[in-house]
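Participant: Below you'll find the structure I mean.
The values are calculated or read from the model by the stated rules, or taken from the named source; none is laboratory data. What you see is a predicted model; the values in this text were computed from it and never measured. Quick reminder, even Gly has a Cβ in these numbers, built from the backbone with ideal geometry, and neighbours come from all protein chains shown. Side chains included, ligands, DNA and RNA excluded: accessible areas come from the protein's heavy atoms. Shrake-Rupley method; radii C 1.70, N 1.55, O 1.52, S 1.80 Å.
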Amino acid sequence: MSIQENFKNHIDTISDRYYQAMQKHGFDHLLIPTGSLHGVFLDDMSYPFKSNFHFNSFVPLTNIHDSCLILTPGKKPVLCYYQPVDFWHLVAGDPEGYWVEHFDIKMMRQKDEVRGYMPSTGNIAFIGEMGAPFQDDDFDAINPLGLIHEINWYRARKTAYEIECASRANQMAAAGHLAAKEMFFKQGSELEIHLAYQLAAGQNESELPYGSIVALNEHASILHYVNYESQRPSDHRTFLIDAGARFNGYASDITRTYAYEDNEFAALIKDMDKVQQTLNSKVAPGHSYVDLHIDFHLEVGKLLSNYDFCSMTPESMVETGVTSTFFPHGLGHQIGLQVHDVGGHQANIEGDTAPAPTEHPFLRNTRPIEAGQILTIEPGFYFIDSLLADLKQTEQASSMNWSKIETFMPFGGIRIEDDILVTATGHRNLTREYLPE
């Protein structure tokens, strides 16, 4: 089925979700602004624009600031499209493409023209960041939690159109990853690798779904490293890249780790890749994401044992928290219009939470695995100074092979991440369709 046909079905599905939620919570209309540019304090520049994901659930444009969507059940969605007269900046072009026919489009030259299109009767809710020209309007509710919880609950189940967008985002990111890998083996700097990624992925820094992590050597132990050193290091040992792309607002999120030489750290990367693919194979409807996370902690223990980092049994390493020193984050998250998509801790449609286990506080997803979800699986294995220093103060310190650990610290760490679509019978790996290794 073409993306045009998928989009038509998508609009029907998404509209029905919002209309049912509006009816349930007593709203006749819903106004969703795309958001505004935010100026830098005491400056004439703006921060990069980030569109309201509720808006992008309907409209596949991420750069039309100060536009808005008005939903009324039984009517075609009204898109108030802001296209000012401006010779200083690039102005959004005329709306065109397969999506246009599904909206009643009202062109605006001034932001406050939206007032002429807002409903004058009935209860109206507002979902988004409050700003001009809406501050003086008497909305019946602003960001009503009940309605938002219901929408967030269903957003985890992606439509065929959303799956196609996620697949294309993975394809774009895969091209970037291959270019970044090539630049690493050419001994490029972090900045050179980052620029090679952007060029191949076809997106500039503000268009990417998040700040790419491009980490050489010991920088790979910094989980959210985004510094991009411009100088080439004297020695290229290892390279960790966590980078994605966007297609129609939908994000991909991919991580790979490489060793420059064929050494013991390279062997550890290969073993981690095998473990990651084993975890991928367990993704299926009805399975527990929390259990997958805990399963990987046991695998961390096995790796610590196999590589002679620790003399304890893998089970004891998990029980005493040793594995959390080497794997301190969660296994992954929901992904969609947001990289860390909403609803990962939601227990039901009402918005009750299913918190992460106390011993695994950074796990971002606790929902049962269901068909239609797109999840990341991103196990990691790191040599982090501060966490190792804490481990040295515990009674388990005597079981650690500190001299061996010291030899691995200059390599930083390993993370391998794929985007996994849950299907009715199992899963589809959206990432490895384009980046098999």
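Participant: Sort out for me the strands (runs of 3 or more DSSP E) sitting completely within the stretch 50-125 that have 1 or more residues that are among the hydroxyl-bearing types (Ser, Thr, Tyr) and surrounded by 12 or more Cβ atoms within 10 Å (Cβ to Cβ).
Facilitator: 78-82
Participant: Pairs under 7 Å by beta carbon, first residue small (Gly, Ala, Ser) in the stretch 144-157, partner at pLDDT 95 or above and not in a loop (DSSP other than H, G, I, E, B), six or more apart or different chains?
Facilitator: Every condition considered, the pairs that remain are Gly146/His25; Ala156/Gln334.
Participant: Which of the residues belonging to the stretch 202-225 are farther than 18 Å from Gly412 by Cβ and open to solvent by less than 10 Å² (accessible area, probe 1.4 Å)?
Facilitator: Result: Leu208, single match.
Every residue, every condition in (1) part of a helix (DSSP H, G or I); (2) out of contact with any Phe, Trp or Tyr (no Cβ under 9 Å at 6 or more places or on another chain), yes or no:
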{"site": "Gln338", "(1), (2)": "no, no"}
{"site": "Val342", "(1), (2)": "no, no"}
{"site": "Ile349", "(1), (2)": "no, no"}
{"site": "Thr358", "(1), (2)": "no, yes"}
{"site": "Asn365", "(1), (2)": "no, no"}
{"site": "Gly372", "(1), (2)": "no, yes"}
{"site": "Leu375", "(1), (2)": "no, no"}
{"site": "Asp390", "(1), (2)": "yes, yes"}
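Participant: Right, next: Can you work out which of the residues in the stretch 336-374 that are over 20 Å from His149 (Cβ atoms) and out of contact with any helix residue (DSSP H, G or I) (no Cβ under 7 Å at 6 or more places or on another chain) is least open to solvent (accessible area, probe 1.4 Å)?
Facilitator: Top of the filtered list is Val339.
Participant: For the list (1) over 16 Å from Asn123 (Cβ atoms); (2) open to solvent by less than 10 Å² (accessible area, probe 1.4 Å), I need the number of the one condition that Ile32 fails.
Facilitator: In the conditions (1) over 16 Å from Asn123 (Cβ atoms); (2) open to solvent by less than 10 Å² (accessible area, probe 1.4 Å), Ile32 misses (1) alone.
Okay, residues lined up against (1) of a type outside the set (Gly, Ala, Ser); (2) more than 21 Å from the chain's Cα centre (by Cα):
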| site | (1), (2) |
| --- | --- |
| Ala284 | no, no |
| Leu292 | yes, no |
| His297 | yes, yes |
| Tyr307 | yes, yes |
| Thr313 | yes, yes |
| Val322 | yes, yes |
| Thr325 | yes, yes |
| Gly336 | no, no |
| Val339 | yes, no |
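Participant: With respect to Asp291, is the statement that it is in contact (Cβ under 8 Å) with a residue 60 or more places away in the chain, part of a helix (DSSP H, G or I) and surrounded by fewer than 19 Cβ atoms within 10 Å (Cβ to Cβ) true?
Facilitator: Spelling it out, it is not the case that Asp291 is in contact (Cβ under 8 Å) with a residue 60 or more places away in the chain, part of a helix (DSSP H, G or I) and surrounded by fewer than 19 Cβ atoms within 10 Å (Cβ to Cβ).
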